[in-house]
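As structure tokens, the structure follows; a few thoughts come after it.
A short reminder: the numbers here are calculations on the coordinates, not readings from a lab. All of these numbers come straight from a predicted model, not from anything done at the bench. In this analysis, Cβ positions are derived from the backbone assuming ideal geometry, glycine residues included, and neighbour counts consider all displayed protein chains.
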Amino acid sequence: MQTLDPAAMAHISEVSVSVELQTSDMTLNIGPQHPSTHGVLRLVAKVDGERVRSVEPVIGYMHRGYEKLAEVRTYPQITALVNRIDWVSGFANEIPFIVAAERLMGLEVPERAQYIRLILTEMARISSHLIFMSSYPLEIGAATPLMHALRERERVLDLLESVTGGRFHPNFNRLGGVKPAAGAGAQTKKVVQDLPQGFLQDTKAAMVKMFEICDDLEGLVTGNEIFQARTVGIGVMPADRAAAFGVSGPNLRASGPDFDLRKHTDYLPYDKFEFEIPIGRNGDCFDRYQVRLEEIRQSASIINQAIDTIPSGPLQAKVPKIIKVPAGEIYVRAENPKGEMGYHLISDGGRVPYRLKIRSASFSNLSVLPWLLEDQLVPDLIAILGSLDFVLGDVDR
Amino acid sequence: MIVVLAIGFWAGLALKIGIMAAIVPVVALPIIFAELKLSAHMQHRIGPYFAGGRYGWAQPLADGLKFFQKEDLVPDAADKMVYKLAPYLVLGAAMAVFVVIPFGPDLIGRDLDLGVFYALAISSISTIGVLIAGWSSGNKYSLIGGLRAAAQLIAYELPLFLAVVGVVIQAQTMSMIGIIDAQAEYQLFGLEIAGNAIAIPYVFPQFIGFVIFYIAALAELSRTPFDMPIAESELVMGYLTEYSGFRFAVFFIGEYIGIFTMSAIMATLWLGGYDPLFFDLSGLNDIAANAIGALVLFGKVAILVFLMIWMRWTFPRFREDQLQDLAWRILIPLGLANIAVTAFFKVVF
Amino acid sequence: MTTNQSDEAAAEEPGAEDSVGEEAGAEGAVAEAADTEPDASTSRTAEIAERFAALVDAESWTADHGLAKIRVSNDQWVGAVSVAHRNGMPFVSFLSAVDWSRDVAVGDPLSDENVEERYELMIRLSSLSSDDSITLSTDLDKMSPVIDSLVPVLPGANWHEREAHEMFGIEFRGHPNPKKLYLPDAFEGFPLRKSFPLLSREVKPWPGMVDVEAMPESAGPSTENPEATDGIDDEGATDADA
């Protein structure tokens with residue numbers, strides 16, 4: 001009986017190793033046109049089967065050069081520009097810029113105007129978060145919450161429209177207050193119209209619906225085992241990592257820090273209201289989802305309190321006809337739905353800013369992507385991407 | 001003589017296939033309509049409303065016409081012949097199952113001895129159609145979708161068969177008609193129950209098998225929560241990404257026919273098929289028995305289809321590895337246990 | 001002019017009286033603003049600025065308008081940022097630059113003749129538990145703006161530096177991926193430099209530049225306005241309920 005030569009066996013095993021399949025990573029272009037990139041984000045992903053080896057985000061398809069444009073626009077014109085940065089919460093974008101200019105000018109904004117700003121900002125937050133509540137389950141594969149959340153968002157947009165005349169781009173803030181007249185009689189100058197008739201009652205009624213939709217979503221999405229299996233423990237972002245990348249807003253709070261500029265800064269009179277800052281513990285996709293869901297409730301509660309206590313009074317401080325902002329340098333930041341939105345405004349005393357640096361939340365939130373998406377599965381890539389809740393206009397500016 | 005006979009045979013076959021091809025897609029239309037309308041109401045929408053005059057009943061037809069008049073695009077990078085063939089493979093596999101589905105005591109294409117086996121085996125061919133559709137499209141998303149589909153369909157083939165084995169052991173036959181008759185026997189493992197008042201469909205003794213089969217059928221059909229091969233939020237449209245117009249419509253109809261046939265198999269194996277269960281069809285004349293039988297089967301199918309639609313518009317999607325986990329770690333062991341328990345009872349009683 | 005009009009406003013509206021003092025402060029030179037606004041937040045800003053200026057061994061610091069700005073030299077840049085980052089300022093808000101230039105193609109030229117022509121690079125770091133923030137800034141040479149990259153010590157600066165690179169032409173030594181971020185690879189020029197023309201503006205000056213919005217004549221309290229529409233009465237009722 002012939003015995004097997006160990007050396008030959010070793011040789012055979014070597015041969016079998018060398019005929020192993022030659023595989024190489026595939027480059028997968030996700031975007032700029034893809035259902036889950038929320039616009040024109042492009043991710044150049046190196047994938048090994050379903051495993052993502054590395055991701056390089058390519059942005060700039062929507063770069064509109066607002067920082068350059070702001071250098072040739074007068075201050076009242078710039079509010080129309082900044083509306084379009086994060087278009088799902090256009091109203092909230094105006095606030096930090098207008099506050100920055102007002103502070104340089106030393107304008108004292110009437111309290112009623114501040115309350116109106118606050119109410120509308122919180123509405124913008126609700127509307128933005130409801131977009132997330134509709135799109136995120138869709139990215140995980142559940143199509144139904146989309147319609148439920150968008151239906152409720154429509155109420156908020158209708159209310160915003162009734163005050164400002166715009167659903168997405170209100171352009172409602174004026175230096176020194178808010179646009180004093182909306183709707184009928186706006187141009188006659190004789191009739192100064194305040195908030196539209198019944199607006200406050202309608203808003204209160206709508207806020208009841210907001211609490212209801214939160215409960216609905218909790219039942220429909222939060223408790224769903226498959227949703228939890230897809231999001232719990234996925235895309236974990238430690239707080240120090242998030243902070244070093246400038247990740248802010250709900251994305252940061254999901255990782256633990258209770259950092260909310262509404263509590264820490266005074267760009268709007270948030271200190272007059274009681275609200276909680278929802279935070280997460282693990283910093284995963286599920287926490288980011290839940291923080292936003294809870295924020296809708298908190299915003300609705302802030303709006304209810306503001307409606308109960310809104311003072312009467314003028315809507316606009318006196319401002320000069322030709323607006324020149326005194327020379328100076330200021331940075332005002334606000335807690336936007338997406339995170340910290342700030343404007344570094346440098347004026348040299350003219351009618352246009354000398355330099356306006358726009359710090360947008362989504363830009364920093366997205367800059368963490370290459371690190372966050374490394375070695376994830378393709379379905380998780382989509383889940384993580386969606387959980388960051390970015391808007392390409394806010395990334396590209 | 002032989003030649004004439006042969007021509008007669010082939011002509012007859014062609015005629016039969018032609019009739020099937022014309023009639024079978026019709027069963028897909030009510031399911032498509034139900035999906036449109038039910039999903040709409042689940043999402044606070046009205047859904048189709050105008051087509052056909054009332055309730056938008058003609059919407060599936062209108063959609064079909066729309067698909068017909070669209071341009072049939074074949075990508076440059078596609079393997080053209082395979083690309084064109086794939087949809088028909090899927091549709092053909094779905095339609096071939098109809099041969100063994102009993103709509104009434106006599107309304108059956110052919111009561112094969114291996115009816116169940118044939119149905120499951122032939123429906124597996126659609127896997128190949130999906131795989132080659134994904135591969136031949138020349139698109140990376142399609143390729144990933146096709147591979148996902150292949151992995152998924154292979155993984156769920158096993159629980160699908162294991163679930164059926166329990167029924168087959170209990171009924172001691174693979175013939176579809178035989179299984180229906182076995183369920184109408186007013187007894188369970190040889191024991192008489194409820195004094196001949198009501199037949200016991202296998203959904204009660206074989207409940208675990210039924211659940212396994214239902215889940216596996218959802219996966220086989222790539223329905224949510226197992227729609228990763230299409231996963232439009234990840235893979236655009238998976239293996240369907242490049243298909244348009246008529247070819248897409250063929251896939252689409254194939255998918256809904258698949259839903260019907262899977263539901264019909266389930267209804268036959270677990271819910272007593274065309275048998276109304278609480279009274280005997282054999283006392284009626286042939287036409288009445290077959291008509292009532294068909295209606296009863298459609299009713300049972302409707303319940304199962306409704307469940308599928310309900311799930312699709314409620315659940316999110318699993319991840320690929322979670323789906324494999326579910327198949328290999330839960331469904332297959334459960335299926336094996338089910339077989340063992342069934343066999344034990346069969347031997348003991 | 002601003003002051004005059006504001007005084008009128010104050011005369012008409014008693015509620016706006018508080019603002020006059022602050023406005024006078026804002027009118028003054030930037031350096032003096034800190035002295036004329038001695039409120040709590042300003043002193044806090046100054047405290048922060050002073051503390052961190054000492055910590056990073058800065059050249060100078062200012063604390064106007066709530067902006068704690070600390071100037072460091074070119075070669076201190078990376079060290080200063082990483083020290084501040086590790087000492088209670090973990091959050092990277094932004095990094096960007098300013099082109100201080102008299103050679104402007106668009107916008108208004110610098111009115112102050114004394115400003116030195118340079119690029120100013122700045123990074124804003126914040127605390128995560130309060131509003132404390134600092135802006136570290138350094139000056140770069142107008143002709144050859146080069147500085148060490150922050151990415152090795154602060155990975156979050158990656159995209160910001162790429163943006164500053166393509167927009168201002170600042171070179172970051174040691175940046176791992178110095179590609180353009182927003183602009184196409186073939187793009188020439190540095191758009192946010194003041195010397196970069198805005199083409200549409202070359203063709204046609206912005207018509208809105210002279211189109212100043214008219215002031216509403218009377219922005220009095222709405223509830224006191226006899227001509228107010230029904231909506232106002234409505235609001236009044238709500239307020240009463242509250």
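The mean count of C-beta atoms from other chains within 10 Å of the C-beta of residues in A:194-203, rounded to a whole number, is 5. Let me make sure I get this right: for segment A:58-135, a, b and c are the square roots of the gyration tensor eigenvalues over alpha carbons, sorted descending. Under 1.5 in a/c it's rounded, otherwise prolate if a/b > b/c, else oblate. Which is it? Taking the square roots of the gyration eigenvalues as a ≥ b ≥ c, segment A:58-135 is oblate. For segment B:36-183, the alpha-carbon coordinates run over 50, 44, 29 Å along the three principal axes, in decreasing order. Listed by chain and number, the lysines whose C-alpha is less than 26 Å from the C-alpha of B:Lys300, apart from same-chain residues fewer than 8 away, are B:Lys37. Here B:Lys140 is the anchor, and the lysines within straight C-alpha reach of less than 19 Å, apart from those fewer than 8 places off in the same chain, are A:Lys46, B:Lys80, B:Lys84. Sorted largest first, the spans of the alpha carbon positions of segment A:110-172 along the three principal axes are 47, 18, 15 Å.
Structure remark: mean-square fluctuation, Gaussian network model of chain B, C-alpha springs under 10 Å; the largest value among B:Ala77, B:Ala217, B:Ala149 belongs to B:Ala77. Among the lysines, select those whose C-alpha is under 18 Å from the C-alpha of A:Lys321, and discard any that sit fewer than 8 residues away in the same chain. Filter leaves A:Lys179, A:Lys189. Averaging Cα coordinates gives a centre for segment A:61-83 and one for segment C:79-110; these two points are 19 Å apart.
State which entries of A:Lys204/A:Lys272; A:Lys68/A:Lys324; A:Lys68/C:Lys180; A:Lys68/A:Lys263; A:Lys263/A:Lys338; A:Lys324/C:Lys194 exceed 22 angstrom in Cα-Cα distance in the structure shown.
Values: A:Lys204/A:Lys272 18 Å; A:Lys68/A:Lys324 19 Å; A:Lys68/C:Lys180 17 Å; A:Lys68/A:Lys263 32 Å; A:Lys263/A:Lys338 16 Å; A:Lys324/C:Lys194 20 Å.
Long pairs (Cα-Cα over 22 Å): A:Lys68/A:Lys263.
Counting Cβ atoms of other protein chains within 10 Å of each residue's Cβ and taking the mean over peptide B:289-298 gives 0.
Suppose every Lys and Arg Cβ carries +1 and every Asp and Glu Cβ carries -1, with no other charges. What dipole size does segment B:70-191 come out with about its Cα centre, to the nearest 20 debye?
Values: 6 positive and 10 negative charges, 97 e Å.
Charge dipole of segment B:70-191: 460 debye, to the nearest 20.
Antiparallel as a % of all DSSP beta bridges within segment C:40-202, to the nearest 5? So the antiparallel bridges in segment C:40-202 amount to around 80 percent. Inter-chain Cβ neighbour count for A:321-333, averaged per residue, equals 6 (cutoff 10 Å, partner chain atoms only). Each principal axis of the Cα cloud of chain B was evaluated for its coordinate range; sorted largest first, these ranges are 65, 55, 51 Å. Pair-distance distribution P(r) for segment C:40-202, from all Cα-Cα distances in 5 Å bins starting at 0: 2, 9, 17, 20, 19, 15, 11, 6, 2, 0, 0 percent.
Near B:Ile180, within a Cβ-to-Cβ distance under 11 Å, what is the net charge of the other residues, with Lys and Arg +1 and Asp and Glu -1?
Working: positive: none; negative: B:Asp111, B:Asp181, B:Glu185, B:Asp275.
Neighbourhood net charge equals -4.
Counting Cα-Cα pairs of chain A in 10 Å increments starting at 0 gives whole-percent bin shares of 5, 22, 30, 22, 11, 4, 2, 2, 1, 1, 0, 0.
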